[in-house]
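Okay, so here's the structure we're looking at.
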Amino acid sequence: MSQEDQWPEPDLPQAILPPGFLKNPVHLLAFGFGSGAAPRAPGTWGSLAAIPLWYGFAWLPPVAYWLVVTLAFVVGIWLCGKTAADLKVHDHGGIVWDEFVGMWIALGLFPDQIYGVLLAFLLFRFFDVVKPWPINWLDERLPGGLGIMVDDVVAA
């Protein structure tokens with residue numbers, strides 16, 4: 001089933017959200033606390049917004065760190081799927097919870113000094129934007145919230 005079959009075209013451009021949309025906590029999280037509502041490059045803004053939150057749990061022991069990231073991924077499948085369904089757009093550019101989780105994965109693989117954070121950000125954004133195989137294959141074939149989340153996890 002193609003994405004076109006799954007979701008009708010939205011009535012509004014992606015940059016315009018229904019009034020009060022971000023007052024819903026599910027939408028607020030999926031939109032990265034509002035960072036995804038940026039009119040240009042919402043994925044980049046969402047990736048940047050993930051960094052300060054990461055500092056809140058980066059100090060955890062590795063097992064606990066990866067449990068938090070895994071939980072964020074699992075919850076993200078539902079958050080992103082619900083928000084996409086409410087907007088009637090499969091992967092609305094403003095849905096950036098997947099960028100948050102992707103960044104947290106990338107950040108967990110590099111030292112927590114500034115060069116590690118910068119390298120994680122640059123590499124993650126590169127692979128998320130370019131989407132080489134198998135990222136593009138997954139992005140085109142997986143439905144709903146899982147499809148929204150998985151391509152960013154693989155990009156990380």
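The values are calculated or read from the model by the stated rules, or taken from the named source; none is laboratory data. Since we're looking at a predicted model, the values are computed, not measured. Because the Cβ atoms are built from the backbone with ideal geometry, glycine has one as well, and the counts that use them run over all protein chains shown.
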*asked:* Please determine whether any residue of segment 81-88 is among the charged types (D, E, K, R), at pLDDT below 95 and either over 14 Å from the mean Cα position of the chain (by Cα) or surrounded by fewer than 21 Cβ atoms within 10 Å (Cβ to Cβ) (or both).
replied: yes
_Number of positions in segment 56-78 that are part of a helix (DSSP H, G or I) and out of contact with any Asp or Glu (no Cβ under 8 Å at 6 or more places or on another chain)_ = 16
_Enumeration of residues in segment 44-65 that are of a type in the set (Gly, Ala, Ser) and surrounded by 14 or more Cβ atoms within 10 Å (Cβ to Cβ)_ = GLY46, SER47, ALA49, ALA50, ALA58
*asked:* Checking the structure you have, find out if any residue of segment 95-117 is touching a Ser or Thr at 6+ places or on another chain (Cβ under 8 Å) and farther than 16 Å from VAL153 by Cα.
replied: no
*Within segment 89-131, work out how many residues are surrounded by fewer than 19 Cβ atoms within 10 Å (Cβ to Cβ), on the phi < 0 side of the Ramachandran plot and of a type in the set (Lys, Arg).*
0
